[in-house]
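Structure first, commentary second.
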Amino acid sequence: MKNKEIKILLAAPRGFCAGVVRAIDIVEKVLEKHGSPVYVRHEIVHNKQVVDELKKKGAIFIEELSEVENKSRPVVFSAHGVPKTVPIEAENKKIFYVDATCPLVTKVHREAERHHKDGYTIILIGHKDHPEVIGTMGQIPTDKIKLVETISEANNIKIAEPVAYVTQTTLSVADTKDIIDILKKRYPNIKGPVKEDICYATTNRQESVKQIASECEMFFVIGSDNSSNSKRLVEVAIKAGCKNSQLITFEKDFPINEIVKCNKIGLTSGASAPEKLVQDFILEIKKHIKVSIQEYTGAIESVAFKLPKM
Ligand code: SF4
């Protein structure tokens, strides 16, 4: 094993997207400007390490505004977006809030709202109980928006026409296309988004994984259990041909005994995972075996979002 070298195919782009950078910046700026504590409604982004860092700086994470004990302190809403009732509740309770919803999630909210105003019933393609889905469903009356999660649900949904669809931003590009194709067959006049709702970061990270996964004996995605885009990256790697693909959450041990038996492994990280975790993972492997790294770069990203007033 001493002279053996393992090649790591490192996917790029990977890790933080512009929406995640903005959301973390917002919490840090609010802490800087208003002091601590600052409440954050829901994990600002789905990553334990990010959340723990912000806790150390004075953020208190809550799930609902009813948990705010000191109403004179600011509340930040997470990048995933919130139902309309949440800012209304904050205003009623005279709580100062800053909304860190990713602008690309807000775009989907406005789309759903516009379709509703134009008289459409809306199908939201997404995963039940994900905070982004709860936020998007909460933009319009509940009887005017229906969730579709699977191909079978797309085949069976009965909904009053005219129909429009929107999607969660972090879905599998390929699986979502299959669902949309079915909906288009069932509702030929269905209205979709002008530009895809699945965001650039999700698309680019999946595309890079697709390009390299089939060459790899194992594929690793650094991310959290509750991170939709990270879980989709694992699925994309499996679908692209690397059956032994898994999420590395840092909650449990790495399968190092399996890794050292490989000649080539793949590595990427979800949009909410800091690059430091990728580098830590590589360092850990280096403790056991020689490593060479080859980066595969797909799309070049230059997206950045402005911060809101706070
Ligand atoms: S994954 Fe996409 S939609 Fe979600 S925060 Fe990042 S850029 Fe925004």
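The values are calculated or read from the model by the stated rules, or taken from the named source; none is laboratory data. Since the model is a prediction, treat every value here as computed from it, not as a measurement. With ideal geometry, Cβ positions are generated from the backbone for all residues, glycine too; neighbour counts draw on all protein chains shown. Surface accessibility is based on the protein's heavy atoms, side chains included, excluding ligands, DNA and RNA. Shrake-Rupley method; radii C 1.70, N 1.55, O 1.52, S 1.80 Å.
What does the extension gain come out to for A299 and Q246, with contour length at 0.36 nm per residue minus their alpha carbon separation? Show your work: numbers first, answer last.
On the way: separation 53, 0.36 × 53 = 19.08 nm, distance 2.32 nm.
Length difference between fully extended and current span is 16.8 nm.
Pick out which of E207, E215, E235 has the largest mean-square fluctuation in a Gaussian network model of the chain, springs linking Cα atoms closer than 10 Å.
Answer for the Gaussian network model of the chain: E215.
Restricting to Cα atoms and excluding each atom paired with itself, what does the Kirkwood estimate give for the stretch 113-157 in Å? Write down the numbers at each step before the final one.
Numbers: mean 1/r = 0.0915 Å⁻¹.
That comes to 10.9 Å for the stretch 113-157.
Assuming 0.36 nm per residue, please report the length gained on full extension of the stretch K184 to N257 beyond their Cα-Cα distance.
Values: separation 73, 0.36 × 73 = 26.28 nm, distance 4.73 nm.
Between K184 and N257, full extension yields 21.5 nm more.
Summarise the accessible area of the stretch 145-240 (1.4 Å probe, protein heavy atoms) by the percent that is carbon and sulfur.
Details: 2220 of 4230 Å².
For the stretch 145-240, the apolar C and S fraction of the accessible surface comes to 52 percent.
Under the rule a/c < 1.5 gives rounded, and otherwise a/b versus b/c splits prolate from oblate, where does the stretch 128-187 land using the Cα gyration tensor?
Working: a/c = 1.94, a/b = 1.13, b/c = 1.72.
Since a/c reaches 1.5 but b/c is at least a/b, the shape of the stretch 128-187 is classed as oblate.
When the Kirkwood radius is taken over all Cα pairs of the chain, what Stokes-Einstein diffusion coefficient follows at 20 °C and 1.002 mPa s, in µm²/s? Provide the component values of the computation, followed by the final result.
Details: Rh = 20.7 Å.
Reported coefficient: 104 µm²/s.
Roughly how far apart, in whole Å, are the Cα centres of the stretch 71-94 and the stretch 121-180?
With the stretch 71-94 and the stretch 121-180 each reduced to a Cα centre, they are spaced 24 Å.
Based solely on its DSSP helices, what 222 nm [θ] is calculated for the chain when runs of n ≥ 4 H residues each add -39,500 (n - 2.57) and the sum is averaged over all residues, nearest 500 deg cm²/dmol?
Working: 11 runs with 118 residues, N = 310.
When only DSSP H runs of four or more count, the value is -11500 deg cm²/dmol.
Label-point separation (nm) for N156 and K84, each offset 7 Å from Cα along Cα-to-Cβ?
Going by the 7 Å Cα→Cβ label model, 3.1 nm.
According to a simple spin-label model (label point 7 Å from Cα along Cα-to-Cβ), what is the distance in nm between K71 and D175?
Calculated label separation equals 4.2 nm.
Given 0.36 nm per residue, what is the gain on full extension from Q211 to F96 after removing their alpha carbon distance, in nm?
Length gained between Q211 and F96: 36.8 nm.
Using Cα-Cα distances under 8 Å and only pairs 6 or more residues apart, what relative contact order does the stretch 1-115 have, in percent?
Working: 143 pairs, mean separation 29.5, N = 115.
The normalised contact order for the stretch 1-115 reaches 26 percent.
Using only Cα atoms, find the angle between the long axis of helix 103-117 and the longest principal axis of the chain, and express it within 0 to 90 degrees, rounded to the nearest 10.
That works out to roughly 40 degrees.
Taking only Cα atoms and a 10 Å spring cutoff, compute GNM fluctuations for the chain and point out the largest among A90, A112, A59.
Per the Cα network of the chain with a 10 Å cutoff, A90 tops the list.
Report the relative contact order of the chain, percent, no decimals, based on alpha-carbon pairs under 8 angstrom and at least 6 residues apart. Present the calculation step by step, with values, prior to reporting the outcome.
Numbers: 594 pairs, mean separation 83.6, N = 310.
After rounding, I find 27 percent.
From the cross-link list K146/K309; K231/K309; K231/K264; K231/K252; K144/K210, which pairs have alpha carbons spaced over 28 Å apart?
Working: K146/K309 34 Å; K231/K309 33 Å; K231/K264 21 Å; K231/K252 16 Å; K144/K210 36 Å.
Over 28 Å apart, Cα to Cα: K146/K309; K231/K309; K144/K210.
How long is the stretch 187-310 along each principal axis, judged by its Cα atoms, biggest number first, in Å?
54, 44, 26
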